[in-house]
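J.: Sharing a structure with you now.
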Amino acid sequence: MKRHFTSTVFIINDGKILLIHHKKMNTWLPPGGHVEDNEIPSDTAIREAKEETGIDVEIIKEENIWIDSKEATSFQRPYLCLLENIPEHKNKEAHQHIDLIYLAHPTSLKIDPNLSEINEIKWFSKEDLKSMKSENKLLDNVAKVLDHLFSKKWTSELRHLENVFSLK
């Protein structure tokens, strides 16, 4: 089975996540897409956020060490990696996505959706997702990530990030 590298970005602000209603898939998803040739996956996440929502984002770094030398340079590592099974659809055969999922905060809240790809953009709370996930299996993973983000381990870190980056 073929595999494609993709990047997804969870844009978090004020305790909510920004999702797009994808026209082709007819479902709510975080922004994301295929990693282009010679593109670093974190740059894909930033590019897809801008292309789909019009929002500029900054990836939340969780590095323990950062290397920047002639021989090797660090790039933002993903918050989560998933191997996703993509079913056959129209003329495209089933395949897998190696999805590198990043956390980001918006640097502005000016939304300018790409209406050729999406129907709607909306901020969702964890409670909103829980009420929707029975009808949308893809949101189960998003809800799991939000559960982890707002768990005890992450609460103080997110509270700090929200105080620094909240754009109410």
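The values are calculated or read from the model by the stated rules, or taken from the named source; none is laboratory data. Just so we're clear, the structure is a prediction, and the values are computed from it rather than from any experiment. Cβ coordinates were reconstructed from backbone atoms using ideal geometry, including for glycine residues, and neighbour counts include every protein chain displayed.
J.: Please specify each residue of region 62-83 satisfying the condition of being over 14 Å from the mean Cα position of the chain (by Cα) and not β-branched (V, I, T).
T.: Within region 62-83, the subset over 14 Å from the mean Cα position of the chain (by Cα) is 62-75, 83.
Those that are over 14 Å from the mean Cα position of the chain (by Cα) and not β-branched (V, I, T): E62, E63, N64, W66, D68, S69, K70, E71, A72, S74, F75, L83.
J.: Sort through N38, N91, N26 and tell me the only one that's out of contact with any helix residue (DSSP H, G or I) (no Cβ under 9 Å at 6 or more places or on another chain), surrounded by fewer than 13 Cβ atoms within 10 Å (Cβ to Cβ) and at pLDDT 95 or above. Give the steps one after another, and end with the answer.
T.: On the way: N91 fails: at pLDDT 95 or above; N26 fails: at pLDDT 95 or above.
Every option except N38 fails the conditions.
J.: Which residue is surrounded by the fewest Cβ atoms within 10 Å (Cβ to Cβ), if the candidates are limited to region 1-23 and must be under 9 Å from the mean Cα position of the chain (by Cα) and within 13 Å of D99 (Cα to Cα)?
T.: Among those that are under 9 Å from the mean Cα position of the chain (by Cα) and within 13 Å of D99 (Cα to Cα), it is F10.
J.: Search region 113-168 for residues being of a type in the set (V, I, T) and outside any strand (DSSP E or B), and hand back the single one that is modelled with the lowest pLDDT. Write out each step before concluding.
T.: Residues of region 113-168 that are of a type in the set (V, I, T), as a first pass: 118, 121, 142, 145, 155, 164.
Checking which are outside any strand (DSSP E or B) leaves us with 142, 145, 155, 164.
Numbers: V142: 80, V145: 79, T155: 53, V164: 48.
Only one residue tops the list, namely V164.
J.: Restricting attention to region 105-125, which residues are surrounded by 13 or more Cβ atoms within 10 Å (Cβ to Cβ) and free of Cβ contacts under 8 Å to residues at least 60 places away in the same chain?
T.: Of everything in region 105-125, just one residue is surrounded by 13 or more Cβ atoms within 10 Å (Cβ to Cβ) and free of Cβ contacts under 8 Å to residues at least 60 places away in the same chain, namely I111.
J.: Could you figure out which of (1) part of a strand (DSSP E or B); (2) of a type outside the set (A, V, I, L, M); (3) on the phi > 0 side of the Ramachandran plot isn't true of W28?
T.: Only one criterion is unmet by W28, namely (3).
J.: For region 53-85, how many residues are among the β-branched types (V, I, T), loosely packed, with under 10 Cβ neighbours inside 10 Å and closer than 15 Å to P41 by Cβ?
T.: Matching residues across region 53-85 total 0.
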